[in-house]
1. Could you say which residue among Leu123, Leu147 is aliphatic (A, V, I, L, M), within 23 Å of the chain's Cα centre (by Cα) and closer than 20 Å to Pro105 by Cα?
2. Identify, please: which residue in the range 1-29 is open to solvent by less than 10 Å² (accessible area, probe 1.4 Å) and not in a helix (DSSP H, G or I) and is, among those, nearest to Leu86 (Cα to Cα)?
3. Filtering the range 201-241 down to residues that are over 16 Å from Ala179 (Cβ atoms), surrounded by fewer than 15 Cβ atoms within 10 Å (Cβ to Cβ) and of a type in the set (Gly, Ala, Ser), which residue is modelled with the highest pLDDT?
4. Of the residues in the range 188-200, how many are open to solvent by 30 Å² or more (accessible area, probe 1.4 Å) and in a helix (DSSP H, G or I)?
5. In contact with a Leu (Cβ under 9 Å, 6 or more places away or on another chain) and closer than 14 Å to Ala59 by Cα - does that describe any residue in the range 123-144?
6. Starting from residues that are open to solvent by 40 Å² or more (accessible area, probe 1.4 Å) and either assigned to a loop (DSSP other than H, G, I, E, B) or touching a residue at least 40 places away in the same chain (Cβ under 8 Å) (or both), keep the ones in the range 341-361 and report whichever is farthest from Pro37 (Cα to Cα).
7. Restricted to the range 30-57, and to residues that are in contact with a strand residue (DSSP E or B) (Cβ under 9 Å, 6 or more places away or on another chain) and under 20 Å from Ala192 (Cα atoms), which residue is surrounded by the most Cβ atoms within 10 Å (Cβ to Cβ)?
Amino acid sequence: MRPSERCLRGAARPPALADLPEPPEVLYLRGELARAPAVAIIGTRAPSPGALGYTRSLASALGRAGVTIVSGGAVGIDAAAHEGALDAGGSCLVVAPSGYERPFPRENAPLFRAVVERGGAYLSLVPGDVPASRGAFFLRNAVLVALADLVILVEAPYRSGARNAAAAARRLGRPLLVAPSPPWNPPGAGAAVELRLGARALESPRQVLRLLAERGLHPLARRAAPPPPLWRPAPGAARAPACGAPRARAPGRAAARVPAGAPARDARGGGDAPPCRRAGPGSAPSRQEMMASDGRAGRDRDAGPARPAELPESARDPARERVLERLRAGAVYADELCAELGLSVARLQELLLTLTLEGVLVADLSGRLMLRNT
């Protein structure tokens, strides 16, 4: 079934677009915009094999941690970012220069369908049946960056569309991280320039999560293993094959893991990606392991579970009370809460944001949300 298209005008447009000098008057949406912290991953359409694998691994780690991955859907780094997030069961946003029914590039149509079907979104500057135009790409880059809380440049030549997006990040005040590239690697020549212009060197997924936490953005980690991956890059290929192609793990590539104590998600929101229950290699630590280290979060086990601040009776609803009950019992993962309570990710994030704003939930030093002691 083809997803329906919605027009976003005026107040219906994402608020972050107000940072643009001339935001587009209307946008066209398939799927659901995530309300989680968002990280844009950008780069060249002709990456080195190492950059392609690294992008996929990075996006998987951030997607598992609850971050929404934003990119432009192009071949190369963009596609690897979307594929890596989907591999981890994470949420994606494709910001496209063309309509959903006229995808650019055409070979990524199966990828765009998978993004929407798995709870993400396809956001375009033109209606569904309109192809990309030459002048649409720079505006697409500006919208993509505006919708991100942080931007990562993995690999880009000196002159490239990815560097245009990096310039937009500087203008809009979005933190920019750049993967350092060796000087003998032509596809990464633009990285050194961006570092000289003030970008930070990209170190690890943990660094990205820490920078989000410093801005008050706390993703809620996913515990369970993701659905079966859709793609694997063929040996020596410059990019992943189309959806459904055989997939074999690249030699020497380890599964991306989310560090223990990954930050808990704030409620800018999240798509309704289906929860995944099976644990597997590379999944986050179990609830028992997380609870065993809760001493750093200041919880006194001998005193029993923390109690939330009292709320006005008018502010209570059954879903809120059930979420609080599970948090008191030690639940810390989004898919765990959604599966047990029958809530969508978007509804859960709405409740968590409300509880955070009311002071019932607070973030510890690692960025995890916890109940305030009273």
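The values are calculated or read from the model by the stated rules, or taken from the named source; none is laboratory data. Just so you know, these numbers come straight off a predicted model, no measurement behind them. Glycine also receives a Cβ, built like all others from the backbone with ideal geometry; neighbour counts cover every protein chain displayed. The protein model used for the area step is the full one, side chains on, heavy atoms only, and it has no ligands, DNA or RNA in it. Shrake-Rupley method; radii C 1.70, N 1.55, O 1.52, S 1.80 Å.
1. Numbers: Leu147 fails: closer than 20 Å to Pro105 by Cα.
Exactly one of Leu123, Leu147 is aliphatic (A, V, I, L, M), within 23 Å of the chain's Cα centre (by Cα) and closer than 20 Å to Pro105 by Cα, namely Leu123.
2. The selected residue is Leu29.
3. Only one residue tops the list, namely Gly216.
4. First, pick out the residues of the range 188-200 that are open to solvent by 30 Å² or more (accessible area, probe 1.4 Å): 189, 192, 195-198, 200.
From what is left, the residues that are in a helix (DSSP H, G or I) are 189, 192, 195-196.
Number of matching residues: 4.
5. Scanning the range 123-144, I find no residue that is in contact with a Leu (Cβ under 9 Å, 6 or more places away or on another chain) and closer than 14 Å to Ala59 by Cα, so the answer is no.
6. Taking the range 341-361 and keeping what is open to solvent by 40 Å² or more (accessible area, probe 1.4 Å), we get 342, 344, 347, 350, 353-354, 356-358.
Add one more test, that the residue is either assigned to a loop (DSSP other than H, G, I, E, B) or touching a residue at least 40 places away in the same chain (Cβ under 8 Å) (or both), and what stays is 342, 344, 350, 353-354, 356, 358.
On the way: Gly342: 23, Ser344: 17, Glu350: 13, Leu353: 12, Thr354: 16, Thr356: 15, Glu358: 20 Å.
Going through the qualifying residues, I end up with Gly342.
7. Kept after step one, since they are in contact with a strand residue (DSSP E or B) (Cβ under 9 Å, 6 or more places away or on another chain), are these residues of the range 30-57: 30-43, 55.
Filter once more, so that each one left must be under 20 Å from Ala192 (Cα atoms): 40-43, 55.
Numbers: Ala40: 30, Ile41: 30, Ile42: 33, Gly43: 36, Thr55: 29.
This residue is Gly43.
Each row is one residue, and each column tells you yes or no for (1) modelled with pLDDT of 95 or more; (2) more than 17 Å from Val143 (Cβ to Cβ).
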| site | (1), (2) |
| --- | --- |
| Val26 | yes, no |
| Leu29 | yes, no |
| Ile42 | yes, no |
| Tyr54 | yes, yes |
| Gly89 | no, yes |
